[in-house]
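Taking it in order: structure first as structure tokens, then the write-up.
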Amino acid sequence: KSLGNAPWRVRKIFSIDPYFAVLNFAADRLAAMPEIQQEQINRRWILFDRWVDSQQHQAARISDSVKRQEFLQYIYWYEHTVMRLPEPDKVVFCDISLEIAMENARKRASTKVDSGQDQVEVDAKYLKAGIELYRETAAKNPDWIWINCMRNVIDMKGEAEIQHEILEGLRRHKILPE
């Protein structure tokens, strides 16, 4: 059921402390640990749609750069040290433009039962800050494989082309054989 109009929903999510907001997602990942550990024992590859690094968007709500960095460190400390969630060998960052991110959110919302967008997806300023944060992280982290999914600002590459670039990135990083 919808929680009301989008502006109310955005204000509501932004009133939640980001330190508290990440706990729910961390708990969800922790609940999956028995299955993850079984896969690790079987020596299978494990590919997550979203893992700990997906929480970085929460830091976009923190304007002070020092406090933002402290928050990012908190996420990793809490999830990897306290919760003992495994650290990824690599992170594949599929970079898209703000315009396409917002269009994709609108398309996803039209398929939901309540036809509502995720609460933060209606705030272009927040999404832009989140995208910039992910780009900064990808630029300075050698364990991130940065995939540009755009042909230009308004034209996203096709699935096959993006998949090819991901596989090439995994090969460059010695995750897959040449």
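The values are calculated or read from the model by the stated rules, or taken from the named source; none is laboratory data. Predicted model only: the values in this text are computed from it and were never measured. Here the Cβ is made from the backbone with ideal geometry for all residues, glycine too, and neighbour counts use every protein chain on show. When the accessible area is computed, the model is the full protein with side chains, heavy atoms only, and any ligands, DNA or RNA have been set aside. Shrake-Rupley method; radii C 1.70, N 1.55, O 1.52, S 1.80 Å.
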Go through region 88-109 and give me each residue that's of a type outside the set (K, R) and over 15 Å from the mean Cα position of the chain (by Cα). D89, E99, I100, E103, A109
Quick check: is even one residue across region 124-135 out of contact with any Ser or Thr (no Cβ under 6 Å at 6 or more places or on another chain), in a helix (DSSP H, G or I), more than 20 Å from R50 (Cα to Cα) and modelled with pLDDT under 95? yes
Of the residues in region 141-178 that are among the β-branched types (V, I, T) and open to solvent by 70 Å² or more (accessible area, probe 1.4 Å), the one that is farthest from K128 (Cα to Cα) is I154
Region 13-39, residues that are surrounded by 15 or more Cβ atoms within 10 Å (Cβ to Cβ) and either assigned to a loop (DSSP other than H, G, I, E, B) or of a type in the set (K, R) (or both): R29
When you check A31 against the structure, is it touching a helix residue (DSSP H, G or I) at 6+ places or on another chain (Cβ under 6 Å), free of Cβ contacts under 8 Å to residues at least 40 places away in the same chain and more than 22 Å from N141 (Cβ to Cβ), yes or no? no
Counting just the residues of region 68-104 that are over 25 Å from V122 (Cα atoms) and of a type in the set (K, R), which one comes out surrounded by the fewest Cβ atoms within 10 Å (Cβ to Cβ)? R84
Residue in region 40-53 that is among the aromatic types (F, W, Y), loosely packed, with under 12 Cβ neighbours inside 10 Å and at pLDDT below 85 present: yes
Collect the residues in region 144-178 that are assigned to a loop (DSSP other than H, G, I, E, B) and at pLDDT below 95, keeping them in residue-number order. V153, I154, H173, K174, I175, L176, P177, E178
